[in-house]
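Just so you know, all these numbers are worked out from the coordinates, no wet-lab data involved. Fair warning: this is a prediction, and the values are worked out from it, not measured in the lab. All Cβ positions, glycine included, derive from the backbone under ideal geometry; neighbour counts span all protein chains shown.
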Amino acid sequence: MILQIVGAFVAMYWFAVLIETPKKYLPVAGVVASVGWFVYLTCENMGADATLATFCSAVTVTFISHALARKYKTPVTIFLIAGIIPTVPGATMYRIAYYVILGDNDMSVYYLMEMFKIAGAIAVAIFIVDSLIRIFYRTGSKRSSKM
C-alpha cells in the first residue's frame with residue numbers, strides 16, 4: 001500500500017509537470033494525489049466497491065484542493081486535476097475496448113456500466129463539495145457583512 005501511495009505521488013508529480021502546473025505547487029499536487037489514492041485504497045480494503053471508493057476519494061481530493069487553493073490563492077484545478085487522475089477509470093476503459101475487439105458484448109457492456117458509475121461518482125463528488133463550499137462561503141460572507 002505504501003509503495004502504491006508513493007507511486008501515486010511520483011506519477012502525479014510528473015503528470016502535473018506535463019499539464020504545466022507551476023513549479024512551486026508540484027509537490028503539493030503530488031501530495032493531494034497521494035492522499036486521494038490512500039483514501040481509495042483504504043475504502044477498498046474496508047470492503048467498498050470501486051464506485052464508493054472513488055466517490056470517497058474524490059470528495060477528499062476536492063475538499064483538500066479547495067482548502068489548498070484558498071491557502072495558496074490559486075485556482076482549485078491546479079490541485080484537483082492531479083488529485084483526481086489516479087481514480088479515473090482508465091483500466092476500465094481499456095477493458096471495454098478489449099472486450100469489444102474480442103466480440104464479448106456482455107463483458108464490454110458490464111465494464112461500460114462500471115466506467116459510467118465511476119465517472120459519475122467523480123462528477124457527483126466534485127459537484128457536492130463545490131456546492132457545499134460555495135454555500136458555506138456565501139452564508140459566511142452574509143453574516144460578516146451584517147456586523
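Results, tabulated for the structure shown:
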read-out: Helices (runs of 4 or more DSSP H) wholly inside the stretch 1-115 containing at least 3 residues that are over 29 Å from Phe136 (Cα atoms) and free of Cβ contacts under 8 Å to residues at least 24 places away in the same chain; value: 2-18, 90-102
read-out: Residue satisfying condition, being surrounded by fewer than 20 Cβ atoms within 10 Å (Cβ to Cβ), under 30 Å from Lys23 (Cβ atoms) and among the aliphatic types (A, V, I, L, M), within set Ala50, Ala97, Ala67, Ala82; value: Ala67
read-out: Single match in Thr60, Thr21, Thr54 (criterion: more than 10 Å from the chain's Cα centre (by Cα) and of a type outside the set (D, E, K, R)); value: Thr21
read-out: The stretch 121-138: number of residues that are under 17 Å from Leu52 (Cβ atoms) and either outside any helix (DSSP H, G or I) or touching a residue at least 40 places away in the same chain (Cβ under 8 Å) (or both); value: 7
